[in-house]
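The structure appears below as structure tokens.
Read the figures in this text as sums done on the coordinates, not as results from a lab. These figures come from a predicted structure and were not determined experimentally. Positions of Cβ are backbone-derived with ideal geometry, glycine not excepted, and every protein chain shown enters the neighbour counts.
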Amino acid sequence: MSPLPSATKKNRQRRRPIYVAGAATFAAFLLGLLSGCRPHEQTPTISEPPSVMQKLAMGHDQQSSVAASQARGKKVYDHYCKICHGAGGQGDGFNSAMLDPPPRNFADEAFWKRVNDEQLQTVISQGGESVGKSVLMPAWGRTLEASQITDVIAFLRTVPALAKKAAAAEESEN
């Protein structure tokens, strides 16, 4: 017998404790992970997901959290949305003249009666094409965080009231 096979056999015998120790460490790691993954008690299911306003109202000081969300949403809207939808959300932004179909008029109260927050979340994050609307409405889901989209929706829900105030102020001036 040559010395090489016996040397290899000795090397294998020396490495075996290392492999066993490594396997034992890995098994302990997996057990630690699995022990933390116990099923939680099921929460009752709700037929419809809560709206943006309901989510915000779940905070301790609901008025300030809703107002803060709307303020944050306005900042995001002004940065990303105003160029097409306009400062007042009436679909009259700088780019609107070049878009066919024109951008959504968020001041239209009839629109708010037929849309829910989940639909708005989808169209903002996945784009207009994802819901059969204009391909020109970009998907903002990779640009904006979910909380930013929630804030934008909270702001958009204020647009009809803001439009009414602006119209009333304009009429009183004339």
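Where does the charge balance sit around N95 when Lys and Arg score +1, Asp and Glu -1, over other residues with C-beta under 15 Å from its C-beta?
-1
Between K164 and R142, what's the calculated FRET efficiency when r is the beta-carbon distance and R0 is 35 Å? Round to 0.05.
Here the calculated transfer efficiency is 0.50.
Just how far, in whole angstrom, is segment 152-171 from segment 78-151 if you go by their alpha carbon centroids?
Rounded to whole Å, the Cα centres lie 16 Å apart.
What's the extension gain from K133 to D108 if we count 0.36 nm per residue and subtract their Cα-Cα distance?
Between K133 and D108, full extension yields 7.3 nm more.
When Lys and Arg each count +1 and Asp and Glu each count -1, what net charge do the other residues less than 14 Å away from A107, Cβ to Cβ, add up to?
Numbers: positive: K82, R104, K113, R157, K164, K165; negative: D92, D108, E109, E170.
Neighbour charge sum, excluding A107 itself: +2.
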